[in-house]
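See below for the structure under consideration.
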Amino acid sequence: MRTLALVLLVGVAACAHDPAARAAPPAATAAINAAVADSARPQADKDLDPERKPAEMLAFADVKPGEKIGELIPGGGYFSRIFSKAVGPTGKVYAISSEKQLGRFKAISDDKANYPNVGVIDVNGDKFTSPEPLDMIWTSQNYHDLKNIPAPFDINAYNASVYRALKPGGLYIVLDHAAKEDAPADVTGTLHRIQQSVVKKEVLAAGFEYVGESNAVRNPDDPRDQKVFDPSIRHKTDQFVMKFRKPK
């Protein structure tokens, strides 16, 4: 019996240090699953679900009903629609973007019948101000684009705006296409990718705490040396998603 107990203790200790033995990712809540199943979502969005894994992403971000969420550069609103339903009528979703970038977003911002809790926060260069403290700010597949905005845009000032907009304990989620860690700085423009370490360093420099990451959208088969729009890798890129928290 003593031998068996020793084996069990050794096994437990080994699991504590084995990344593969970490706790399973959080399960999607009923509110999240209902938001993904929303019949008002365009079919083109639903077709992307197998690769973008929205339920897993919202569970990782711990999205709850009633939350106030900001989405940086939301594009056509793929995640905005899901956020809108997941936070429900007592929550709010803000598209944080410049007027120039909001063209594709009008399909959702004008759809008040299905998404009445969606608003817009205008970005002036590298600065923006939220009308209320936010529970989470999210950005997917576009942090790298911030590196391609001509000077005098300052990514540090932009992340500082994110920090100020969040309530204490609020989350900052960054999801993007992974570049090789030894890739040159211009990889953000040539391949539309970014090194995970660069994102982490910049976000931590803004005062955030690193919480963790999810492997749900990683693809080890992506060589990370092709432009993300290349037919050989499009919709199959290796992506990282990291969670940061504003200290309480």
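Just to be sure before I move on: is VAL211 β-branched (Val, Ile, Thr), in contact with a Phe, Trp or Tyr (Cβ under 7 Å, 6 or more places away or on another chain), surrounded by 12 or more Cβ atoms within 10 Å (Cβ to Cβ) and in a helix (DSSP H, G or I) in the structure I sent? Taking the combined requirement at face value, the residue does not satisfy it. When only residues in region 121-162 that are among the hydroxyl-bearing types (Ser, Thr, Tyr) and crowded, with 18+ Cβ neighbours inside 10 Å count, which is farthest from VAL241 (Cα to Cα)? Result: SER130.
The number of residues in region 46-95 being of a type in the set (Val, Ile, Thr), assigned to a loop (DSSP other than H, G, I, E, B) and either touching a Phe, Trp or Tyr at 6+ places or on another chain (Cβ under 8 Å) or under 17 Å from GLN141 (Cβ atoms) (or both) comes to 2. Pairs meeting the criteria (first residue in region 32-43 and more than 13 Å from VAL87 (Cβ to Cβ) and touching a residue at least 24 places away in the same chain (Cβ under 8 Å), second residue in a loop (DSSP other than H, G, I, E, B) and among the polar types (S, T, N, Q), beta carbons under 6 Å, at least 6 apart or on different chains) are ALA40/ASN114.
Of the helices (runs of 4 or more DSSP H) contained entirely in region 153-208, those carrying at least 3 residues that are within 20 Å of ASP126 (Cα to Cα) fall at 155-165, 196-205. Looking across ASP135, ASP145, one residue alone is touching a helix residue (DSSP H, G or I) at 6+ places or on another chain (Cβ under 8 Å) and closer than 28 Å to ALA107 by Cα. It is ASP145.
Using the structure shown, decide if GLY169 is over 27 Å from GLU51 (Cβ atoms), of a type in the set (Gly, Ala, Ser) and surrounded by fewer than 18 Cβ atoms within 10 Å (Cβ to Cβ). Walk me through how you get there before you give the answer.
Working: over 27 Å from GLU51 (Cβ atoms): yes; of a type in the set (Gly, Ala, Ser): yes; surrounded by fewer than 18 Cβ atoms within 10 Å (Cβ to Cβ): yes.
When the stated conditions are applied, GLY169 passes them.
Exactly one residue out of SER109, SER130 is among the polar types (S, T, N, Q), modelled with pLDDT under 95 and under 26 Å from LYS64 (Cβ atoms): that is SER109.
Screening the candidates ASP45, ASP18 for the property of being modelled with pLDDT of 95 or more and among the charged types (D, E, K, R) yields one hit, ASP45. Restricting ILE69, ILE73 to those that are touching a helix residue (DSSP H, G or I) at 6+ places or on another chain (Cβ under 8 Å), surrounded by fewer than 20 Cβ atoms within 10 Å (Cβ to Cβ) and among the β-branched types (Val, Ile, Thr) reduces the list to ILE73. In region 122-135 there is no residue matching the filter, namely being of a type outside the set (Gly, Ala, Ser), closer than 19 Å to ILE233 by Cβ and in contact (Cβ under 8 Å) with a residue 24 or more places away in the chain. For residues that are among the hydrophobic types (A, V, I, L, M, F, W, C), in contact (Cβ under 8 Å) with a residue 40 or more places away in the chain and over 23 Å from VAL228 (Cα atoms), tally how many sit in region 153-202. Qualifying residue count, region 153-202: 5.
The values are calculated or read from the model by the stated rules, or taken from the named source; none is laboratory data. This one's a predicted model, so the numbers in the text were calculated from it and none came from an experiment. No Cβ is skipped: glycine too gets one built from the backbone with ideal geometry, and neighbour counts run over all protein chains shown.
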